[in-house]
Amino acid sequence: MRHGRWRFLLGALVPALVLHVVFVLSPYAQAFYLSLTDWTGVAGEAHFVGAGNYARLGGDSLFLDAVRNNAVMLVVVPVATIALGLGLASLLRTRRGSAGYQIVYFFPQLLSLVVIAVLWGFVYNPNTGLLNSGLRAVGLGGLTKSWLADPAFALAAVMAVLIWSSVGFYVVLFRAAIDAIPAELYEAALIDGAGSWTTFRRITVPLVRESVQVAFVYLGIAALDGFAVVQVMTVGPGGPDGATEVIGLSLYRNAFTYGKFGYASAMGVALFFATLTLAVLALRAGRNDRLELA
Amino acid sequence: MTLLRSRPAPVLAPAPPAATNRKNPLPQLAMLCWAVVTSLPLLWAVVSSVKSDDEILNEPWSLPSTPRFDNWARAWTGASIGRYFLNSLIVVGGALLLTMFLGALVAYALARYEFRGNRFLYYTFVAAMFFPVFLALVPLFFVVQRLGLLGTYPGLILVYAAYAVPFTVFFLHSFFRTLPTELAEAAFLDGCSHAAVFFRVMLPLARPGLVAVGIFNFLGLWNQYLLPLVLNPDPDRYVLAQGLAALSVSQGYRSDWGGLFAGLTIAMLPVLVAYVAFQRHIRAGMTAGAVK
C-alpha cells in the first residue's frame, strides 16, 4: 500500500508541476533577470546592464504617461465601481424584482473585454455612435464629442467602460455579503426609527467591509491592467497623445513591436511591484478592526 | 369578529420596508436606470447587426426596415468568425479538460496526503495567482517559441492550462478538505487503489466544486486575449477575441458596419445562451471564486 501511495502521488503531482515550472515559474524568474539586460531577442546576445533599464524608465515620457493613467484608473475605477455596486446592492435588498435586476446587471461580466471594447468603440463613435446620436436626439447636441479622440475625455471614456463592465459583478458579490447580515439588525434599526441612509451607513457599510476590501484588490489589479480595452478601443492605440497609454500597452509595444525585451521586462517588474504593494496595503488596511458577528 | 380579523394584522406583521419605499420613487428609478445603462448598448449592437449600413450610419437609434440576416452570414463565413469560433472551441475545450484534470489531481493529492514538502508545493502553485501575467509575457514567448509551439493548438492549450491550474488548485484544495474521510477509508478497506479512490469516490463527491470552478475557468479561458495575442500570431488559428479585434480594424477600413455588428453579436451569443441556461450556477460560481 505504501508503494502504491507514492506512485499515485507522483502521478498526480509531476505532470502539473512540470507544466507549472516550464510555463509559469521559469518565465517569471527569467523576467527578473532579463530586466537587468539589454536583450533584443538574439540568442546569447544579452549584456548585463544592471539597473540601466530602470533608470531609463524614469526618462521615458510615454511610460510616465502610462504610470499616471494607471494611477488615475487605480483611484477612480475601484471607488466608482464599489460605490455603484454597494449602492445598488443595498437598494436591491428589500425590493421586489431584485433577482431580475441582478441577472441583467451581471451579464457584462461574462463578456470578453475585447467584445466590450469593440462594442463601446461603436457607442463612442462621434457620428453614428449610440452616445452622440442619443445626445442629439434629446436636444443636448452641444455635449457631443469625439470621446476617444479628445485627450481631455479619452481616459474618462476608457474608465467608464471598465466601470460599466464590472459593476454588476460587485452588485452580486455585495448582495451576498448583505444577505449574510442578520435581519434582526435591520429590524432593530427600523424600530429605532433609522432612515434608509442611516441604515446603509451604520449597518450595511461596516458589515460588508471585508467584501469591499476584496473588491478593492480585484478592481485595483484590473485598473493596473486595462490593456485589452485600451488596445482594442483607443486610437493609436494608447492615444490621443498618450492620453490612454497604460503600462501593459507600453510593455507589449516595447517587447513585440520594438524587440526591446530587456527594457519591456523592467516594465513587467515595475508592474509586479505595483500589484504587490496594492495587495499588501489593501489587506493590511482592514486587519486591525475586524468586526465579529455571531 | 370582523374587528378581530382586521386588527391583528398590523401587529403581527410590522410594515415591511417596501411600504416606506413605495413613497420614494428614486431607488426604483436608480435600479431601472442601471438596468437600461447595462442593456442598452448590448441591445443596440444586436439590433444593428440586422440593419443595412445605410441605416446604421444615418439612423443609429431606429429599428431596421427589414431585418437583414445576410450580415450574419457575411460575418460567419466572409469574415471568418466561424473559423475563429471553432478555434476557440478547440483551444478552450482542450485547455479546460486539461486544467480540470490536473487541477483536481493536484488539489486532491495536496489536500488528502501528508508528506514532506506538501505545504511548499501548495504555495508554489498558489503563489502564481498573485503575479501579473504581463511579467511573464516576454520569457513565456521565447519558451513557447523554443519548444516549437508558437501559433499551435497544443501550445495554446498547454499555456492556458498552466495559467488556470493555480486557481483551480486553490479552489478545490479547500473543497477536498471538507469532504468526509469515511467513504475513502471504506473504499481502501475494500481493496481500492489510490487512483481508484480518487476517480470513483472522491471526484464524484467533489462535483459541485468541479462545476463551480469549471464554469469560472471556462469563462476566463474563453475571454482570454493577452496570451493568444502574443503566442498565436497565425491568423488561421486566431481565437474569437483575437479575430474580433482584428475584424474591428479591417472592417472599419472596408466600412462593412453591418458585418462587424453581426460578428460582435455572434461573439456575445453563446455566452448569453449559457448565461440564460445556467445563470444561478454562474453567478454563484464566479462570486464564490472571488471571495475565496
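Need at least 1 residues that are more than 26 Å from A:ASP225 (Cα to Cα), without any contact (Cβ under 8 Å) to a residue 24 or more places away in the chain and more than 25 Å from the chain's Cα centre (by Cα) per element, so show me which helices (runs of 4 or more DSSP H) inside region B:179-292 make the cut, counting only ones lying wholly within it.
The helices (runs of 4 or more DSSP H) meeting that bar are B:182-189, B:240-254.
Within region A:247-267, how many residues are assigned to a loop (DSSP other than H, G, I, E, B) and either of a type in the set (Gly, Ala, Ser) or modelled with pLDDT of 95 or more (or both)? Residues in region A:247-267 being assigned to a loop (DSSP other than H, G, I, E, B) and either of a type in the set (Gly, Ala, Ser) or modelled with pLDDT of 95 or more (or both): 1 in total. Does any residue of region A:269-292 turn out to be assigned to a helix (DSSP H, G or I), within 16 Å of the chain's Cα centre (by Cα) and within 30 Å of B:SER248 (Cα to Cα)? Yes, there is a match, as at least one residue in region A:269-292 is assigned to a helix (DSSP H, G or I), within 16 Å of the chain's Cα centre (by Cα) and within 30 Å of B:SER248 (Cα to Cα).
Kindly indicate whether A:THR244 is among the polar types (S, T, N, Q) and assigned to a loop (DSSP other than H, G, I, E, B).
Yes.
Scan region B:86-128 for residues that are of a type in the set (A, V, I, L, M) and at the interface with another protein chain (Cβ under 10 Å from one of its Cβ atoms) and the total you get is 11. Of note, B:GLY220 satisfies the criterion of being at pLDDT below 90 and of a type outside the set (S, T, N, Q).
Looking at A:SER146, A:SER133, just one residue is within 11 Å of chain B (Cβ to nearest Cβ), without any contact (Cβ under 8 Å) to a residue 40 or more places away in the chain and farther than 27 Å from A:ALA83 by Cα, and that residue is A:SER133.
Within region A:173-191, being of a type in the set (Val, Ile, Thr) and more than 33 Å from the chain's Cα centre (by Cα) holds for one residue alone: A:ILE191. Within region B:67-91, residues that are outside any helix (DSSP H, G or I) have Cβ atoms under 6 Å from residues that are not small (Gly, Ala, Ser) in these pairs: B:PRO67/B:VAL50; B:ARG68/B:VAL50; B:ALA79/B:LEU247, counting only partners at least 6 apart in sequence or on another chain. A single member of B:ALA206, B:ALA246, B:ALA277 is touching a helix residue (DSSP H, G or I) at 6+ places or on another chain (Cβ under 9 Å) and farther than 19 Å from B:LEU102 by Cβ, and it is B:ALA246. When A:LEU88 is tested against (1) farther than 30 Å from B:LEU42 by Cα; (2) hydrophobic (A, V, I, L, M, F, W, C); (3) in contact (Cβ under 8 Å) with a residue 12 or more places away in the chain, only condition (1) is not met. State yes or no: is B:THR265 β-branched (Val, Ile, Thr), under 22 Å from B:TYR84 (Cα atoms) and within 12 Å of another protein chain (Cβ to nearest Cβ)? When the stated conditions are applied, B:THR265 passes them.
Considering the conditions (1) assigned to a helix (DSSP H, G or I); (2) more than 14 Å from the chain's Cα centre (by Cα), A:ILE163 is excluded by exactly one of them, (2).
Quick check on A:LEU135: is it buried (at least 21 other Cβ atoms within 10 Å of the Cβ), out of contact with any Asp or Glu (no Cβ under 9 Å at 6 or more places or on another chain) and either in a helix (DSSP H, G or I) or among the β-branched types (Val, Ile, Thr) (or both)?
Against the criterion (buried (at least 21 other Cβ atoms within 10 Å of the Cβ), out of contact with any Asp or Glu (no Cβ under 9 Å at 6 or more places or on another chain) and either in a helix (DSSP H, G or I) or among the β-branched types (Val, Ile, Thr) (or both)), A:LEU135 does not qualify.
The single condition from (1) within 7 Å of chain B (Cβ to nearest Cβ); (2) more than 30 Å from A:THR198 (Cβ to Cβ) that A:GLY50 fails is (1). Could you go through region B:153-163 and let me know if any residue there is in contact (Cβ under 8 Å) with a residue 12 or more places away in the chain, among the small types (Gly, Ala, Ser), more than 18 Å from B:PRO228 (Cβ to Cβ) and facing another protein chain (nearest Cβ under 10 Å). Among the residues of region B:153-163, not one is in contact (Cβ under 8 Å) with a residue 12 or more places away in the chain, among the small types (Gly, Ala, Ser), more than 18 Å from B:PRO228 (Cβ to Cβ) and facing another protein chain (nearest Cβ under 10 Å), which makes the answer no. Filtering region B:164-223 to residues that are within 14 Å of chain A (Cβ to nearest Cβ), aromatic (Phe, Trp, Tyr) and either crowded, with 17+ Cβ neighbours inside 10 Å or touching a His at 6+ places or on another chain (Cβ under 7 Å) (or both) leaves B:PHE167, B:PHE170, B:PHE176, B:PHE198, B:PHE216, B:PHE218, B:TRP222.
The values are calculated or read from the model by the stated rules, or taken from the named source; none is laboratory data. Keep in mind that what you see is a predicted model, and the values were worked out from it rather than measured. Cβ atoms come from the backbone with ideal geometry, glycine included; neighbour counts cover every protein chain shown.
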